[in-house]
Amino acid sequence: MPETNTPEAPTIPKTKPKPKVERPKLHKVMLVNDDFTPREFVVMVLKAEFRMNADQAQRVMITAHQKGVCVVAVYTKDVAETKATRATDAGRAAGFPLLFTTEPEE
């Protein structure tokens, strides 16, 4: 077989496209004020569920009391919903209308 002098095609390294990794959307956990749940109980729930110290919990509770609602913390959606549900359930179990909600962070 005769040898041909054809130039070799340049080899192009094949790169795998990197998947675009997006940061998960964050959600705020909100404490909604009510006129029935004792302040001490709210502070206790904030300390237990959101790992706040006494001063932080007191400030969040007072802010919610004065403004009607207060951001407690920001988490990924699943964590925010779980914590809000657990904190609300703690109030319900004690017979209080304590309410925590979540909403997307802008």
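Since every read-out is calculated from the coordinates, none of them should be taken as a lab result. Keep in mind that this is a model prediction, so the values were computed, not measured. We place every Cβ from the backbone using ideal geometry, glycine too, and count neighbours over all the protein chains shown.
Think of the stretch 26-104 as having a plus end and a minus end, set by charges on the Cβ of Lys, Arg, Asp and Glu; of PRO97, PHE50, GLN66, PHE50 sits farthest toward the positive end of this dipole. Computed over neighbours whose Cβ is under 14 Å from that of THR76, the net charge equals 0, Lys and Arg +1, Asp and Glu -1.
Evaluated over the chain, the count of Lys pairs having alpha-carbon atoms less than 30 Å apart is 18 (only pairs 8 or more residues apart or interchain). Net charge dipole, the chain: roughly 140 debye, given to the nearest 20, about the Cα centre with Cβ charges of +1 for Lys and Arg and -1 for Asp and Glu. Computed packing ranks the peptides 83-89, 17-23 as 83-89, 17-23, most packed first, by mean other Cβ atoms within 10 Å. Per residue, the average separation of C-alpha pairs within less than 8 Å and at least 6 apart gives the stretch 26-104 a relative contact order of 50 percent. Quick one, which of (1) 2.06; (2) 1.04; (3) 1.22 is the actual Cα Rg over 2.2 N^0.38 Å calculated for this model? Checked against the structure: label (1).
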